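Below is one structure, written out as C-alpha cells; the observations come after it.
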Amino acid sequence: MTNAKVLIVEDEPALIETLDYSLRKQGYEVLTASDGRKALDAARQQTPDLIVLDIMLPGLDGFEVCRILRKEMNVPIIMLTARTEEVDKVVGLEVGADDYLTKPFSMRELIARVKANLRRVRIDREEATASATQLVAVTERMVFGDLTIDLSRREVSVQGNVHHLKPKEFDLLVFLARNRGIVLSRDLILERVWGWEFDGGSRTVDVHVRWLREKIESDPSDPQRIVTVRGIGYRFEG
Ligand code: CA
C-alpha cells in the first residue's frame, strides 16, 4: 500500500511546519493549504486520504470547508479547534467532521488520531469490498474466533451463546473491536463512546470493561481479548 496522503489546512506557519514535519516523519505524504479556498482546490485535485482542518482560517472558515467537502467526498476530516465554543459548533452544526482536537494538542495525540481515522476508513473499505463479493452482508457482523458481534441486531455471542449487553457495553465493544490492535487511552474511549459532554471520569471505562470481560472472556481474570495496557488504557486483540 502506498503512503497515505494527508492534507493540512492551517494558517499559522509555525503549526504547519510542526504538523508537516511530524506527519512526514511517520511516513505520510503531506500537502498543505493556508486558507479555505486553497483547501478546497487541494482536496479536489489531490484527493487526500485524510484532512486535518483548522476552524479559524482567513476567508472560508473550517466549518464551511468541511460542509462543502462532505457533499463531495468521504475523506475523514479531523478538525482543529481553539476553544470549547468551537467544539460545541462541530457537534451542534453537524458539519460532518469525523474527529476533532482542541488546541494546544500534542503531536503524539494528533498522530494517534490520524492513524485511527485512516484505519477506520481502510476497514470500512475492506468490508465494502468483501460484501460486494459475498451474499452475506459482512458489514453487519464482526467475527473474532468464537466471538461474533452482530451490528444490526446489537447482539454478541460467544461460542454460539447470545449475551445481552447494555447499550454502552455494546458501543464500547464495537469501538474496541473496530480499532483492534491499537492501544486506546481511557480518555479517548470515554470521548468516543460516551461523548465529550460526559463527566463520569475514566473509572466508567474500567467498570464497563470489567462487565464486558465477564461476558466475552473465557477467563475474565486473565483476559485475552480486552487487554489492559498499564498506565494508558486498553487494546482489543482480534
Ligand atoms: Ca487558524
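Cα atoms only: what Rg and Dmax, in Å, come out for the chain?
19.2, 57
Only bridges whose two residues both fall in the chain count here: according to DSSP, what percent of them are antiparallel, nearest 5?
Values: 17 of 34 bridges.
If we restrict to bridges inside the chain, about 50 percent are antiparallel.
Any idea how far apart residue 217 and residue 45 come out in nm if each label point goes 7 Å out from Cα toward Cβ?
A separation of 5.3 nm, rounded to one decimal place.
Amide H to amide H, which residues 5 or more places from residue 30 or on other chains are under 5 Å from it, using H placed in the peptide plane?
The list, which skips near neighbours in sequence, is 6.
Using only the Cα atoms of the range 44-113, build the gyration tensor, take square roots of its eigenvalues as a ≥ b ≥ c, and label the shape rounded, prolate or oblate: rounded if a/c is under 1.5, else prolate if a/b is larger than b/c, else oblate.
Values: a/c = 1.66, a/b = 1.17, b/c = 1.42.
Verdict is oblate for the range 44-113.
Over the range 5-128, what lengths in whole Å, largest first, do the semi-axes of the equivalent ellipsoid take, defined as the square roots of 5 times the eigenvalues of the alpha-carbon gyration tensor?
Values: eigenvalues 70, 60, 46 Å².
With the √(5λ) rule applied to the range 5-128, the semi-axes are 19, 17, 15 Å.
Just check the range 1-55 against the gyration tensor rule for me: Cα atoms, a ≥ b ≥ c as the square roots of the eigenvalues, rounded for a/c under 1.5, and otherwise prolate or oblate depending on whether a/b exceeds b/c. Each step should come with its number before you reach the end.
Numbers: a/c = 2.54, a/b = 1.13, b/c = 2.26.
Note, shape of the range 1-55 comes out oblate.
What value, in deg cm²/dmol to 500, does the helix sum -39500 (n - 2.57) over DSSP H runs of n ≥ 4 give at 222 nm once divided by the residues of the chain?
The helix contribution divided over the chain gives -13500 deg cm²/dmol.
How large is the charge dipole for the chain, taken about the Cα centre, if only the Cβ atoms of Lys, Arg (+1) and Asp, Glu (-1) carry charge, to the nearest 20 debye?
Details: 35 positive and 39 negative charges, 111 e Å.
Dipole size: approximately 540 debye.
So if I restrict to the alpha-carbon atoms in the range 138-236, what is the Rg, and what is Dmax, the biggest pairwise distance, in Å?
Looking at the range 138-236, its Cα Rg and Dmax stand at 12.8, 37 Å.
Give the lysines reachable from residue 168 as a straight Cα distance under 19 Å; neighbours fewer than 8 places away on the same chain don't count.
215
Since every read-out is calculated from the coordinates, none of them should be taken as a lab result. None of the values given here were measured: they were computed from a predicted structure. Counting neighbours? That spans all protein chains shown, and the Cβs are built from the backbone with ideal geometry, glycine included.
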